[in-house]
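Visitor: Take a look at the following structure, please.
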Amino acid sequence: MSLSKQYDPLTAERATEQQWREAGVYHFDRDSDAPVYAIDTPPASVSGRLHLGHVYSYAHADFFARYRRMRGDNVFYPMGYDDNGLPTERLVERTRGVRAAQVGRAAFVRECLAVAAEVEAEYETIWRRLGLSIDWRYTYRTIDDESRRVAQWGFLDLLRRGLAYRQQAPTLWCPECRTAIAQAEQNDLERETTFYTLRFSSDDGAPLPIATTRPELLPACVAVFVHPDDARHAHLIGRRATTPFFERVVPILADPAADPTVGTGAVMCCTFGDATDIAWQRRHDLPIIEAIGPDGRLTAAAAPFAGQTTDEARRALTDALDERGLLLARRPTAQTVRVHERCDTPVEYITSRQWFIRLLDQRAAFLEAGHRIAWHPAHMGARYTQWVENLSWDWCISRQRAFGVPFPLWYCEACGEMMPADEAELPVDPAERPPARPCACGSTDFRPETDVMDTWATSSLTPQIVGRRLSDEPLFRRVFPMSLRPQAHEIIRTWAFYTIVRAHYHDGALPWTNVAVSGWGLSPDGAAKLSKSKGGGPIGALAALDKYSADAVRYWAAGAGLGKDTIISEERIAAGGRWVTKLWNVARFAERFLAEYTPPAAPPDGLTTADRWLLARLARITAAATAAFDAYDYATVRGEVETFFWRDLADNYLEMAKQRLYAGEAGYEAARYTLHRALLTTVKLLAPLLPYVTEAIYSGLFAATEGVSSVHLAAWPKADTRFDDATALIAGDALLDIATAVRRYKSERGLSLGAELAALHLPDAPPELTAALRGATADLLSITRARALLFDDTPNGHGVRLPAGRFDVIVEQ
């Protein structure tokens with residue numbers, strides 16, 4: 001098969017992807033004895049359109065999959081879609097304009113399933129175009145039967161062992177999404193707000209100023225706190241205060257958590273404004289007044305402001321306080337507020353009954369597990385450690401939403417006992433049918449659990465889901481623990497942590513041995529992370545793939561290492577397209593010399609200095625690329641191979657060897673051998689990064705003689721120590737210095753690079769390089785277009801002396 005004159009990447013990539021699909025090139029071989037390299041692929045959240053930020057991170061996992069496959073591993077590389085829970089619900093609400101409360105749960109779930117199927121088909125098209133070497137036979141959805149079965153089994157396993165529990169307690173709550181959330185689902189939002197100083201009164205009628213940013217919580221005030229060492233307020237400890245406007249009498253208490261440097265040093269405790277309020281309420285056994293409801297509006301306890309949003313109530317209440325002379329001051333201040341990561345809505349604390357998984361009493365075990373995992377880059381492990389060390393809540397896994405994995409539970413209406421489903425019943429929706437047996441009390445009248453599980457409660461089990469823990473034990477034993485978890489850094493606190501928790505609880509093992517953490521794709525100005533739900537940047541993922549080619553996009557994705565953010569740059573993507581074209585053109589040039597060529601087992605006689613230099617560079621680059629890939633450093637691979645290809649092979653060696661290659665006489669076999677090794681190795685080193693063009697070149701030039709149908713099934717190159725010669729590298733650097741000096745000479749005089757020179761003189765060549773330079777005569781004449789190479793000075797001092805690295809050369813024109 002010959003190479004076409006021009007490479008059309010879009011046509012070639014589509015055809016190649018189809019060939020891979022039909023041949024099953026990336027299928028996991030269950031019968032192979034090769035070591036398994038299993039990847040816990042991130043199931044993309046079905047919350048909008050994929051953008052180039054997703055392409056950036058998903059390409060990284062594929063680099064490693066392709067590399068390990070070429071190293072001889074049996075790669076298990078599945079695909080998943082995270083399509084249950086809040087993100088998909090919000091997508092449906094946004095795109096279909098419906099909510100569960102409007103159309104009913106069953107109809108809303110049908111909408112969610114339909115939208116998810118459409119979006120997932122889009123995702124698969126993009127992943128295939130990108131060239132992900134997925135084994136699509138192992139594809140799952142977190143809402144499919146197997147996933148729901150594993151999620152419900154996991155919950156029941158924890159429930160039986162006392163690791164899951166239900167509790168009425170203050171809970172983090174999103175008023176916009178109308179559901180409880182977990183500690184890990186919060187982000188920090190910086191904003192400007194107002195500090196209001198309110199006039200409380202002590203029990204002797206003296207004013208007691210208290211500053212707050214949330215005056216709307218005043219109706220829920222149950223105490224005033226001061227620091228026990230604050231001399232300003234020591235006389236008040238143990239007395240009582242009256243709240244402004246509502247005139248509720250509350251105790252004045254001392255607690256070290258009251259910060260005397262904030263506001264006036266006295267702080268109101270409201271149930272609940274933040275985690276400190278919760279701690280104070282529990283520590284001092286204070287009453288609970290619920291002033292904010294699940295809808296984010298004030299309750300009857302806040303009359304006359306009931307029914308108002310928190311923003312409306314803040315304005316109305318401060319106006320009322322001002323009218324009564326109870327608002328002493330107001331001033332602007334910067335504030336960091338906790339918001340729900342899904343919608344950026346400030347969270348509230350609502351007392352509700354929720355399901356939790358125990359975390360706090362197992363903190364040491366989770367820290368130890370994190371230390372046993374190899375994090376790439378290493379500092380990402382510190383993020384994990386910091387998160388675990390600062391946990392303050394168990395994991396709330398129940399959500400008050402319509403679409404998700406139901407809890408497999410009923411409650412007996414007669415005696416109130418909880419009835420878990422039997423494992424044989426899973427997956428089950430308790431809202432659709434009663435349990436298979438009566439309650440122990442004899443009753444068959446049951447009320448279903450209506451909450452659904454947090455989506456992380458399912459996706460934290462991705463190794464068990466894709467490994468088919470419950471349905472295919474032999475497969476699970478082969479692939480678990482997995483080799484790699486690729487993911488983004490912002491979900492270390494959620495997906496990485498929760499998966500470690502679940503593997504520890506259910507399997508007593510690590511879920512994987514390595515975590516590769518990608519950075520974000522940023523907007524072109526570098527100011528913001530791209531988001532599926534908030535727009536995908538200046539060019540969509542599929543549009544970029546079709547405009548520039550998959551290989552060009554992958555070249556861009558390989559430009560920044562793990563853990564590093566990168567801007568979406570069409571200019572850099574286009575540069576990848578130019579590299580693909582250059583690689584093809586070099587292969588086309590080499591084809592006339594390498595077609596049907598089978599290299600000898602031993603190097604031919606007559607290797608020139610240039611040949612030995614290039615083969616030495618090739619040995620070093622191969623070793624460096626292998627070490628970099630082993631260290632999960634694909635960016636170094638790209639940089640090293642790019643330099644070798646452009647500077648060493650394309651720009652210099654080919655120009656040195658052209659005369660020998662074209663003449664077909666002395667030195668021809670040596671040049672042919674060297675070119676074959678260099679191009680084949682370059683193609684293989686680049687195959688994980690640029691899978692399409694390397695496949696086309698390999699198929700056209702090397703597959704027949706190597707006896708392998710695809711470069712992606714070929715063996716990874718080994719550094720040939722026979723050629724790792726430091727002397728050859730030094731001599732080669734001298735050749736490059738000479739060639740660079742001559743090119744500069746021609747450029748400064750407006751001469752073409754092909755312009756002939758009468759002679760090139762090397763009178764100052766160091767003795768230790770003279771023999772090597774003489775052995776490079778043909779190559780130096782080829783690249784400089786000089787008619788003669790001499791090692792003496794020019795006659796009568798004619799010629800131009802040029803600096804060339806360690807010594808000068810003289811050009812005679």
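Visitor: Exceeding 28 Å between C-alpha atoms, which entries from my cross-link table qualify? They are K547/K684; K547/K718; K529/K684; K5/K718; K547/K746; K547/K658. Before the final figure, lay out each step's value.
Guide: Numbers: K547/K684 26 Å; K547/K718 35 Å; K529/K684 34 Å; K5/K718 31 Å; K547/K746 38 Å; K547/K658 35 Å.
Table pairs above 28 Å Cα-Cα are K547/K718; K529/K684; K5/K718; K547/K746; K547/K658.
Visitor: Between the stretch 232-284 and the stretch 138-186, how far is it from one alpha carbon centroid to the other, in angstrom?
Guide: The distance from the Cα centre of the stretch 232-284 to that of the stretch 138-186 comes to 35 Å.
Visitor: Would you kindly state how much longer the chain becomes between V800 and T125 on full extension, computed as 0.36 nm times their sequence separation minus their alpha carbon distance, in nm to one decimal?
Guide: Difference between extended and current length: 236.9 nm.
Visitor: Run the numbers for Q386 and E490: contour at 0.36 nm per residue of separation, minus the present Cα-Cα distance, in nm.
Guide: Fully extending the segment from Q386 to E490 adds 36.1 nm.
Visitor: A further question on this structure: How about the chain: what cysteines have no other cysteine beta carbon under 4.7 Å from their own?
Guide: C112, C221, C269, C270, C343, C396
Visitor: Moving to a separate point now. Does the stretch 680-813 come out rounded, prolate or oblate by the C-alpha gyration tensor, with a ≥ b ≥ c the root eigenvalues, rounded set by a/c under 1.5 and, if not, prolate when a/b is larger than b/c and oblate if not?
Guide: Working: a/c = 3.30, a/b = 2.18, b/c = 1.52.
Because a/c hits 1.5 or more and a/b exceeds b/c, the stretch 680-813 counts as prolate.
Visitor: Then there's this: Output the antiparallel fraction of DSSP beta bridges having both residues in the chain, as a percent to the nearest 5.
Guide: Working: 63 of 89 bridges.
Here the share of antiparallel DSSP bridges comes out near 70 percent.
Visitor: Pop the C-beta distance of E192 and A101 into the FRET formula with R0 = 25 Å and round what comes out to the nearest 0.05.
Guide: 0.15
Visitor: In cubic angstrom, how much convex hull volume per residue do the alpha carbon atoms of the stretch 567-717 span?
Guide: Working: hull volume 16.8 nm³, N = 151.
Cα-based convex hull of the stretch 567-717, divided per residue, equals 111 Å³.
Visitor: Over the stretch 681-759, with a single point scatterer placed on each C-alpha, what log10 of the ratio I(q)/I(0) does the Debye formula yield at q = 0.22, 0.27 1/Å?
Guide: Evaluating at q = 0.22, 0.27 Å⁻¹ gives log10 I(q)/I(0) of -0.89, -1.16.
Visitor: I would also like to ask the following. Efficiency by 1/(1 + (r/R0)^6): what FRET value for R21 and A715, r their Cβ-Cβ distance, R0 = 22 Å, to the nearest 0.05?
Guide: 0.40
Visitor: Can you pull the percent of the chain's accessible area that's carbon plus sulfur, 1.4 Å probe, other chains left in place?
Guide: 49
Visitor: Next question, about the same structure. Given the -39500 (n - 2.57) contribution per DSSP H run of 4+ residues, what per-residue ellipticity at 222 nm results for the chain, rounded to the nearest 500 deg cm²/dmol?
Guide: Here the helix-only value at 222 nm equals -12000 deg cm²/dmol.
Visitor: Along the Cα→Cβ direction, 7 angstrom out, place labels at R722 and S523. What is the inter-label distance in nm?
Guide: Rounded to a tenth, the inter-label distance reads 5.8 nm.
Visitor: Keeping every protein chain present and rolling a 1.4 Å probe, give me the accessible area per residue for the chain in Å².
Guide: Heavy-atom accessible area per residue stands at 39 Å².
Visitor: Just to check, using Stokes-Einstein with a Kirkwood Rh over alpha carbon pairs, what's the diffusion coefficient of the stretch 241-381 at 4 °C and 1.567 mPa s in µm²/s?
Guide: Once the numbers are plugged in, D ends up at 69 µm²/s.
Visitor: Apply 1/(1 + (r/R0)^6) to the Cβ-Cβ distance of E596 and A663, taking R0 = 30 Å, and write down the FRET efficiency to the nearest 0.05.
Guide: Working: r = 20 Å, r/R0 = 0.67.
About 0.90, to the nearest 0.05.
The values are calculated or read from the model by the stated rules, or taken from the named source; none is laboratory data. This is a predicted model, so every value here is computed, not measured. Cβ coordinates were reconstructed from backbone atoms using ideal geometry, including for glycine residues, and neighbour counts include every protein chain displayed. Accessible surface areas use protein heavy atoms only, side chains included; no ligands, DNA or RNA. Shrake-Rupley method; radii C 1.70, N 1.55, O 1.52, S 1.80 Å.
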